[in-house]
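Heads up, the thing below is written out as structure tokens.
Read-outs throughout are calculated quantities, based only on the coordinates presented, and are distinct from any laboratory measurement. Remember, it's a predicted structure, so these values are computed and weren't measured experimentally. Don't worry about glycine lacking a Cβ; one is built from the backbone with ideal geometry, like all the others, and counts go over all protein chains shown.
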Amino acid sequence: LKSAFFWPGFCVFALSLMIAGQVAAQGESASIESPRWSYEIRGGNYHPDLDLFETFYGDNKEDYFGLAGSYRLKEWLEIGGEYSQMRAKGVGILTSTQALGGSVTYRFNPVQIYSNFIFQRRLSQRVVPYVGLGLTVAEYEQDVEIQGSIDGHTDLGYSARLGVRFLVGSKGLTATAASAGNPDWRSYIFLEAQQISVEVDDIELGGQSYMLGFRMEFNP
Amino acid sequence: MKLRRSTRAQSLPIAGLVLLGSVCQPGLAATLVVPTDFATIQAAIDAANAQDVVLVEPGSYVENLNLRANVDVRGREAARTWLEPQDGQLPTVSISGADNLLFANFTLVDALVAVQVVASSSVQIASVVFDGSTAVAITAGINSTVDVTNNVFFANATAVQRSTADIDITNNIFRSNDITITSPLGLINNNINVEANCWSNNTDLLVNGIDTSYGSGAVTGNPQFIDPSARDFHLQQGSPCIDIGVGNDIIDNTIADAGAYGGQLADASPFPVAQPTLTDSSTTAPAATNIDVSWMPNESYLVTNSVLPGGYRVYYKQNTAGPPYDGGDASGGTAPSPIDAGDTTALTLGDLNPVAAFALAPRLLTATGANESVELNWEAVLGVNGYRVGYGINSTDENEVDTGDVTRFTVTGLINGTTYRFSISALTQAIYYVTVTAVDSTQNQNESDFSVEQSIQVGPINESPRSNELTALPEFIQPFPPLPDNGGCFIATAAFGADWAAEVQALRDFRDRFLLNNAAGRWLVAQYYRLSPPLAERLQEREYLKPIVRGLLAPVVALSLFMLASSPLAKAGVVGLLLSLVILIHRRQQRARSQRVSNGS
């Protein structure tokens with residue numbers, strides 16, 4: 001099951017890296033006009049793929065926040081990394097009585113590296129869709145009050161993302177300015193959906209997230 | 001304005017007398033006490049009438065003062081009344097057009113200009129310590145008459161700058177100043193109206209490494225301050241500045257000492273002793289409750305002296321903190337507080353009779369089961385020293401554990417799935433509170449303020465009745481989902497084969513020395529520990545990847561070794577080299593970019 005989830009994601013990601021490498025290898029003549037670097041601040045909901053999650057934590061979704069950064073290799077391709085956090089407070093199972101009880105805080109923090117394919121034809125395009133694939137590993141912690149905590153990490157998994165960016169503002173985005181090395185930037189508000197699949201001991205901790213975020217692209 | 005208080009004095013003899021006078025004879029001079037009556041010194045000065053005295057309690061104050069005519073401003077103790085400027089660019093104390101006043105008994109620190117006198121006559125500056133003024137300690141302009149008497153000038157850029165010879169400089173100590181006395185264009189002879197001062201290690205007066213001096217009756221040589229780094233400028237036995245001044249000391253009525261702690265306005269009280277150390281030295285055969293008290297000496301020559309020493313007094317009491325220290329049970333009741341310890345720094349409060357109060361039974365609020373443990377929570381009981389938990393399966397008398405003075409405790413080592421019974425009791429034990437004072441060797445036997453109080457619990461322990469009883473079931477709480485608990489491991493260990501490999505040790509040393517001692521580094525290490533295990537795991541499974549990872553880690557290991565083994569100079573050299581490289585590359589890129597632009601156009 002793990003391989004079934006892992007290898008397709010890995011292959012697509014490897015393919016995207018190969019494409020990225022190929023593009024990068026074309027040399028400096030393949031210059032781009034969009035800002036190369038970007039960072040994102042994002043927040044939303046995470047819906048774990050755990051059937052009984054709502055029973056133990058009171059809801060089937062939890063607040064989810066993340067930070068991401070990326071580097072644009074080509075107008076249509078960027079690679080990046082993201083670190084996100086989810087925290088849920090709930091109860092556990094009292095093993096003597098099999099009743100729900102105790103106080104448990106569950107943290108789930110996935111780390112992703114990803115490649116996004118951006119559907120952008122103009123520098124000033126106001127609505128920019130994109131899709132992406134990535135590799136993911138998540139750290140987790142279950143802090144049981146009085147009893148102590150359990151922590152660890154998942155196996156390597158994958159993630160997929162789909163989103164749309166809405167241009168908010170920009171400056172200095174002309175071919176001349178870019179080639180002259182002038183500072184320029186572009187900012188977006190974006191909506192994004194993610195599917196994460198990460199396992200540990202055959203337990204799937206992944207799920208879906210739906211986020212709203214702010215993205216700033218810039219040339220340092 | 002910022003106001004900081006530190007210690008508070010025990011008594012107020014000067015203020016008390018003046019205040020008493022003002023109460024008995026309304027309309028005469030009053031004493032305005034800071035911060036008791038006014039929050040700031042300046043507020044008291046502004047509110048004062050002519051002939052009033054502003055008296056400042058010991059503490060650290062941050063203000064710039066503007067003194068007024070006919071209003072004296074005194075600290076209660078120079079040694080413990082510190083004043084630093086709020087605006088460091090302005091004089092700490094300005095005396096401008098203000099006649100007939102006294103400024104005394106302060107320690108002025110961190111000033112650019114400590115005291116500036118402009119067009120003011122009959123000004124007296126006495127018993128003040130000027131420590132580290134970066135421009136000048138006292139500057140007095142023309143049309144001013146100032147008596148600079150019994151002060152300490154220590155490590156100032158310039159000690160006294162006078163534009164008129166009407167600035168009399170008497171009974172002062174000048175130590176480690178760049179310039180001691182100066183005047184505009186050197187028009188005033190530095191020997192005029194300079195008398196009976198003590199000179200040492202001042203840059204402008206060192207001739208071939210030997211101290212010289214100005215004025216008449218001068219003495220040279222190390223004044224033997226107790227601890228200038230702690231701003232304690234009292235004189236130790238053997239100081240050449242003792243008994244060399246003009247006039248008499250108010251403390252012992254001998255010839256005046258030079259410096260801030262001699263003359264007629266010197267602090268009457270010795271400097272307080274540091275907090276004493278208490279040790280329970282009780283014995284069982286014969287049974288006796290004893291407390292060993294020891295303290296650091298007051299090094300002032302008026303206290304520590306091989307010929308005529310002062311001494312110390314030990315105050316004690318049972319079960320309530322703070323004065324009055326009215327204990328009376330030491331030595332079987334024959335040594336009531338205070339005990340004159342004499343010229344020693346240790347004393348045993350022996351054969352005490354500790355009496356511990358009986359406390360009421362506490363109330364046990366909750367008992368919450370967890371894995372092999374139960375957490376207890378109870379209401380605090382006033383006046384107790386600790387609590388005792390009793391617990392067991394059939395009776396709470398089966399086991400006992402003392403918790404200390406807390407209201408939450410976790411009993412561990414329990415069997416999951418077994419119901420336990422719990423109760424608690426409060427424990428009381430006598431507490432002795434001890435403080436020490438220094439007493440000088442003068443006829444008046446002037447006594448310092450109390451040291452910081454110290455306490456100790458001694459004697460038998462009384463146990464209150466047991467609390468209500470609660471039961472709880474220790475059991476394992478399985479969080480959802482059931483996940484494995486796996487610890488960290490190292491990519492480097494996986495790559496180099498063993499955690500004792502030299503390369504791994506270098507990285508570990510680098511972590512300990514450069515990362516774990518700062519917040520950013522600790523965060524980085526924590527993230528590494530969290531994220532590295534899966535990578536290390538995969539590395540373990542793939543031998544062919546190890547040489548690649550070792551190659552990737554080689555620069556990091558080299559950098560670690562360099563950082564660990566190289567000197568600061570070598571590090572600076574390498575950083576400089578790298579910076580030069582970066583600048584070079586950046587310039588080349590700029591040049592290439594300009595070339596491309598010009599080619600394009």
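Using only the Cα atoms of the protein assembly as shown, build the gyration tensor, take square roots of its eigenvalues as a ≥ b ≥ c, and label the shape rounded, prolate or oblate: rounded if a/c is under 1.5, else prolate if a/b is larger than b/c, else oblate. Could the numbers behind the result be given before it?
Working: a/c = 2.67, a/b = 1.47, b/c = 1.82.
The shape class here is oblate.
Sort B:435, B:139, B:344 so the one with the fewest other Cβ atoms within 10 Å of its own Cβ comes first.
Values: B:435 28, B:139 22, B:344 12.
Ordered from fewest to most neighbouring Cβ atoms within 10 Å, B:435, B:139, B:344 come out as B:344, B:139, B:435.
I want to check the label-to-label distance for residue B:87 and residue A:105. Put each point 7 Å from Cα in the C-beta direction and report it in nm to one decimal.
Distance between label points: 4.8 nm.
In a shell of Cβ-Cβ distance under 10 Å around residue B:388, excluding residue B:388 itself, what net charge do Lys and Arg (+1) and Asp and Glu (-1) give? Present the calculation step by step, with values, prior to reporting the outcome.
Values: positive: B:466; negative: B:400, B:402, B:463.
Taking every other residue near residue B:388 into account, the sum is -2.
Does anyone have the angle between helix B:519-541 and the longest principal axis of chain B? Alpha-carbon axes, 0 to 90°, nearest 10?
Its long axis makes an angle of about 20 degrees.
Just to be sure I understand the model, the point goes 7 Å from the Cα along the line to the Cβ. What's the resulting residue A:124 to residue B:593 distance in nm?
Going by the 7 Å Cα→Cβ label model, 2.4 nm.
For residue A:55 and residue A:168, compute 0.36 nm times the residue count separating them, minus their Cα-Cα distance, and round to one decimal in nm. Write out the running numbers ahead of the final one.
Details: separation 113, 0.36 × 113 = 40.68 nm, distance 4.08 nm.
Result: 36.6 nm gained on full extension.
In what order do B:368, B:471 fall by count of nearby beta-carbon atoms within 10 Å, going from fewest to most?
Working: B:368 19, B:471 14.
In order of increasing Cβ crowding within 10 Å: B:471, B:368.
Starting from 0.36 nm per residue, how many nanometres of slack lie between residue B:416 and residue B:243 once their C-alpha separation is accounted for?
Values: separation 173, 0.36 × 173 = 62.28 nm, distance 7.95 nm.
Here the answer is 54.3 nm.
Mean separation of Cα pairs under 8 Å and 6+ residues apart, divided by the residue count of chain B: what relative contact order is that in percent? Walk me through the numbers on the way to the answer.
Details: 1508 pairs, mean separation 43.3, N = 601.
The value is 7 percent.
Nearest 0.05, what FRET efficiency do residue B:406 and residue A:208 give at R0 = 51 Å with Cβ-Cβ as r? Don't jump to the answer; show the numbers that get you there.
On the way: r = 45 Å, r/R0 = 0.89.
My answer for the efficiency is 0.65.
Would you list A:71, A:114, B:433 from fewest to most Cβ contacts within 10 Å? Mind showing how you got there, number by number?
Values: A:71 13, A:114 23, B:433 20.
Ascending number of Cβ neighbours within 10 Å: A:71, B:433, A:114.
Under 1.5 on a/c is rounded, so check that first for chain B, then, if it is not, pick prolate when a/b is larger than b/c and oblate when it is not; a ≥ b ≥ c are the square roots of the alpha carbon gyration tensor eigenvalues.
Details: a/c = 2.45, a/b = 1.25, b/c = 1.96.
Judged from the Cα gyration tensor, chain B comes out oblate (a/c at least 1.5, b/c at or above a/b).
Could you check the simple spin-label distance between residue B:360 and residue B:461, using points 7 Å along Cα→Cβ, in nm with one decimal?
Each label point is offset 7 Å from its Cα along the Cβ direction, giving 2.3 nm.
For residue B:584 and residue B:509 in one chain, what is 0.36 nm times their gap in residues minus the Cα-Cα distance, to one decimal in nm? Walk me through the numbers before you get to the answer.
On the way: separation 75, 0.36 × 75 = 27.00 nm, distance 3.32 nm.
Residue separation times 0.36 nm, minus the Cα-Cα distance, leaves 23.7 nm.
Decide, for segment B:368-428, between rounded, prolate and oblate: order the square roots of the alpha carbon gyration tensor eigenvalues as a ≥ b ≥ c, take rounded if a/c falls under 1.5, and otherwise choose prolate if a/b is larger than b/c, else oblate. Can you show the working numbers first?
Values: a/c = 2.58, a/b = 1.78, b/c = 1.45.
Because a/c hits 1.5 or more and a/b exceeds b/c, segment B:368-428 counts as prolate.
About the Cα centre of the protein assembly as shown, what is the dipole size in debye to 20, counting +1 per Lys and Arg Cβ and -1 per Asp and Glu Cβ, all else neutral? Intermediate results must be reported in sequence, preceding the final value.
On the way: 50 positive and 82 negative charges, 899 e Å.
For the protein assembly as shown, the charge dipole is close to 4320 debye.
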